[in-house]
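Engineer: There's a structure below that I have some questions on.
Any read-out appearing in this document is the output of simple, stated calculations on the displayed coordinates, not a laboratory observation. Quick caveat, the model's predicted, so the values are computed rather than measured. FYI the Cβ positions are ideal-geometry reconstructions off the backbone, even for glycines, and counts take in every protein chain you see.
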């Protein structure tokens, strides 16, 4: 699958995905990018450069916290952890997203083969 | 938190990300180099990410501001001429505004330096001073010693009720063992005065209630801080110093806190003495034991939680009881009807009370309006300069925008430059204002000593200056910044000869010039108005001859004289002795001369029914030589003579208005009248010409004069008419006085002409300052005209070149440019005349004697403005005609 065919992320959804990825425990930036790509079966394109301003934003809202640590292969990396407020935000946003997706699905009607 | 995170930390994180990604790719089998490149590719633009991080940080805007600031400073330093002119223009505008504000602040706005000034209230509005013995029958302003005590006992809404004598005493005394008599300003206050105001001693103690119990028994005084500094050289042992005033030895018990000058702004007593010593300080005007001798201001401190309205209700309830008690059980119906109108209006005394305030409030407000107009003109000039500069910098802006600067970035930078100019101008302006306001105080002070006003910039003055600066920056900076950055990139970079985009700029600049012309014209017309009013006043017929007259202040009270036969004899002898001095033509005492206030009281004239349309009556006790000394001519009957004595019938000389009003159609000679609640059976022996008595702009008073020989008592003004040189005269009069009593202090020799001039001092200051500011305004406006036309001509050099190449002669070009100027001037002048008329009408409502449509003042203003404007336009126009067509075509 070439990069061109991957789906561009909708505005605002990156935050949701990052929070979701952190639900299983602390990860560093590269790990988050990788996890999003893998769990979406390589469908979603995350520009790594765009990840960091998003992390910065989430951190300043205190939905995630960060600390320097050491990665599996002994490299220094900054690890992000979900905070209690972040967990709540994830819950709200997930619900919102599901409702939105369902509503759009209903409007678009049953899936048809092109 | 992003707040504390350093960019380096962020960069390290990105670095670590790329390495982690490269590790992963290597594990998948890539070579180290390829993995690294791929990782970088996947990350995207590292610099962009770093920049986005930087922009999101809270310090970015500050950092940007700092950069703009430094850049702006560099730009301004690079064009020193422009910066200097701009800063100076702003400094003049802001400085003038701040100087007037300093004065307003010192006189009108600043609170007294006392504890919780907002709790202080004054009984009445402080519009009267002196004494009265009438039963309260109106809005009441002066109170007796007994009333003070009753209010202290019976009101429940004040934590303290204190009093101060409404007139300060300019008396004389000797300090310590000094033999020399010197001027000492004394204020009589109640014992609890300092305690009520919450003023602490700087040294020793202040007065307390036990200093004000028995009349004559408390010879103590508190010195003012500035007197202690000046006279006692800040001596730490000042407490205990003795001061001899009128034969009583006062002991100074302490020094009041610095800055405290009593509750009257513009008056600064040297000593505060308990009211109980009234008879000793003021032998002529006394009456502590007379419940109706009302001469005090009462100032009280509201109890916590009491509103002004509650306090007013309680005070008036008590006042009504007091007044009824004074009227007694046998009060007539008329008395009862009159005292039912007795009322006290409580007013806030937070900023103190001040006669000065009433005198100068209107002039200051007018001056404020004038300086604001000057400031606006200055702003318009600076805005024009900035517009022109923005025109010159179009290529710079276009270039910067084409390499990525946003418009908002440019606007921000221009605004920072404007703020820099504003701040520099404002800072300089504050310094100008400091000097100017000290000068202003000297100008406003009519007498030889400057008014005791503190005009050094305080927080509110600095705040005001800052606010004015910000406002001016917004006024002059915003539009040029928005206009200047509206750049069409391609055309601006290509632009060489085009005039695209300049017409809008020009329209704006032109409107600014028109506004400047209109405002300046208004100011010139206003200044003209004030000058004419002043000159009318100065040439008004005063009814007396003000030249060659000295008014000598003789303070017999300070020398220990009592109101008795000895005083009377001394006064008569002094008049005789001074009249005999070579060069003296006439000399006579008077209660009041000119502009010293007056003695107002109603008269009862048999056969005349009093009506409200009767003019007020001004009474004066005078010596035999007074009318001759003043050259007030007797029109009918005779002058006073030495035969009018205590033994002979009481006589009076009245003026024309008195005769016309009270004796219409008949000869007043030989008729009698009496002063209400005063002297009966006064026989008219003469009629004197009408004159001005209290001020130059007063409406005619009915006036009556009585010889003091028949009504003895203290008189302090000896009026002396002389011929020749007044210099040696002063010495001779001193000698003559010393022959009669070497202790008799003579304080002042004041030329009558100077007293007349001083009475219109505040008008003179307004007229002078208005003229000064109007000249400044015209100057600024002409600079504006010059600038706009120069710029327009420089843009049209090319066009002129073509015209002249095609055969236009110099006169045509000159006329083209001048027509432009005339157009601007015409609109400005029409608008200005309209504004001048409107403002004149407003000023007329404030200042007596101003004709709003004085045609001379307006004509002069129009002529002046047109002449100066044409000159300012002619200079660049002449330059336009000197254009060499060949050079012009190659221009730019």
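Engineer: Taking 8 Å as the Cα distance limit and 6 or more residues as the minimum spacing, I'd like the relative contact order of segment B:173-238 as a percentage.
Structural biologist: 20 percent
Engineer: May I ask you to work out the translational diffusion coefficient for segment B:786-825 at 37 °C, viscosity 0.692 mPa s, via Stokes-Einstein with Rh from the Kirkwood sum over Cα pairs, reported in whole µm²/s?
Structural biologist: It comes out at roughly 313 µm²/s.
Engineer: Quick one: Kirkwood hydrodynamic radius for the protein assembly as shown, alpha-carbon pairs, angstrom, one decimal?
Structural biologist: After inverting the mean inverse Cα-Cα distance, the result is 36.4 Å.
Engineer: Looking at segment B:117-350, I'd like the Rg to Rh ratio, where Rg is from alpha-carbon atoms and Rh is Kirkwood's inverse mean 1/r.
Structural biologist: Rounded to two decimals, Rg/Rh equals 0.99.
Engineer: Any idea what the relative contact order of chain B is, in percent, if you count C-alpha pairs under 8 Å spaced at least 6 apart?
Structural biologist: Relative contact order, chain B: 15 percent.
Engineer: Averaged over peptide B:10-21, how many Cβ atoms belonging to another chain are found within 10 Å of each residue's Cβ?
Structural biologist: 6
Engineer: What list of whole percents do you get for P(r) of chain A, with Cα-Cα distances grouped in 5 Å bins up to the one holding the largest distance?
Structural biologist: That works out to 2, 10, 19, 21, 20, 13, 8, 4, 2, 1, 0, in percent per bin.
Engineer: Right, here's the next one. Which whole-number percentage describes the relative contact order of segment A:3-107, with Cα contacts under 8 Å and a sequence gap of 6 or more?
Structural biologist: Reported as a whole number, the value is 29 percent.
Engineer: With r as the distance between the Cβ atoms of residue B:711 and residue B:355 and R0 = 35 Å, compute the FRET efficiency 1/(1 + (r/R0)^6) and round to 0.05.
Structural biologist: Taking R0 as 35 Å, the efficiency between residue B:355 and residue B:711 is 0.80.
Engineer: Tell me, what is a quarter of the convex hull surface for the C-alpha atoms of chain B, in nm² with one decimal?
Structural biologist: Reported value for the Cα convex hull: 55.2 nm².
Engineer: How many percent of DSSP beta bridges within the protein assembly as shown run antiparallel, rounded to 5?
Structural biologist: Taking every DSSP beta bridge within the protein assembly as shown, about 75 percent pair in antiparallel fashion.
Engineer: Mind putting together the pair-distance distribution for segment B:208-308? All Cα pairs, 5 Å bins, whole percent per bin, short to long.
Structural biologist: 2, 11, 18, 20, 20, 15, 8, 4, 2, 0
Engineer: What is the calculated FRET efficiency for residue B:69 to residue B:648, with r their C-beta to C-beta distance and R₀ = 60 Å, to the nearest 0.05?
Structural biologist: Efficiency at R0 = 60 Å is approximately 0.10.
Engineer: I would also like to ask the following. Based on DSSP H runs of at least 4 residues, each adding -39500 (n - 2.57), what is the mean residue ellipticity at 222 nm of chain B after dividing by all its residues, to the nearest 500 deg cm²/dmol?
Structural biologist: Theoretical 222 nm ellipticity from helices: -17000 deg cm²/dmol.
Engineer: Would you mind telling me the antiparallel percentage of the DSSP bridges in segment B:556-744, rounded to 5?
Structural biologist: Around 60 percent of the beta bridges assigned by DSSP in segment B:556-744 are antiparallel ones.
Engineer: Once you put a point 7 Å from the Cα of residue A:39 and another 7 Å from the Cα of residue B:84, both along the Cβ direction, what distance in nm separates them?
Structural biologist: Inter-label distance under the simple model: 7.0 nm.
Engineer: Pull out the extension gain between residue B:735 and residue B:875, defined as 0.36 nm times the separation in residues minus the alpha carbon to alpha carbon distance; nm, one decimal.
Structural biologist: Contour length minus the Cα-Cα distance gives 43.8 nm.
Engineer: Kirkwood Rh over alpha-carbon pairs of segment B:651-755, then Stokes-Einstein at 10 °C and 1.306 mPa s: what D in µm² s⁻¹, rounded to an integer?
Structural biologist: 94 µm²/s
Engineer: Quickly work out the residue B:546-to-residue B:127 label distance, labels modelled 7 Å from Cα along the C-beta direction, and quote it in nm with one decimal.
Structural biologist: Those two pseudo-labels are separated by 2.7 nm.
Engineer: At 0.36 nm per residue, and after removing the present C-alpha to C-alpha distance, how many nm does the segment from residue B:320 to residue B:536 gain when stretched out fully?
Structural biologist: 73.0 nm
Engineer: Which value does Rg/Rh take for segment B:361-454 over its C-alpha atoms, Rh per Kirkwood?
Structural biologist: 1.22
Engineer: Provide the three semi-axes, in whole Å and in decreasing order, of the ellipsoid equivalent to segment B:109-221 as defined by the square roots of 5 times the Cα gyration tensor eigenvalues.
Structural biologist: Those come to 26, 19, 16 Å.
Engineer: Right, something else. Using only the alpha-carbon atoms of segment B:509-582, report the extent along each of the three principal axes, biggest first, to the nearest angstrom.
Structural biologist: 78, 27, 20
Engineer: Sticking with this structure for a sec: How large is the translational diffusion coefficient of segment B:556-744 in µm² per second when you combine the Kirkwood radius over alpha carbon pairs with Stokes-Einstein at 25 °C and 0.890 mPa s?
Structural biologist: Approximately 141 µm²/s, per Stokes-Einstein.
Engineer: Next up: Listing B:235, B:144, B:445 from the residue with the fewest other Cβ atoms within 10 Å to the one with the most, what is the order?
Structural biologist: Arranged by neighbour count, lowest to highest, B:235, B:144, B:445 become B:235, B:445, B:144.
Engineer: So, by mean Cβ neighbours within 10 angstrom, what's the order for A:17-28, B:159-170 with the highest one leading?
Structural biologist: Packing order, densest peptide first, comes out as B:159-170, A:17-28.
Engineer: What is the log10 of I(q)/I(0) for segment B:528-623, computed with the Debye formula using one identical point scatterer on each Cα and no solvent, at q = 0.12, 0.17, 0.20 Å⁻¹?
Structural biologist: -0.67, -1.02, -1.13
Engineer: Taking the convex hull of the Cα atoms, report for segment B:751-875 its projected area averaged over all directions, in nm².
Structural biologist: The Cα convex hull of segment B:751-875, projected and averaged over all directions, gives 9.8 nm².
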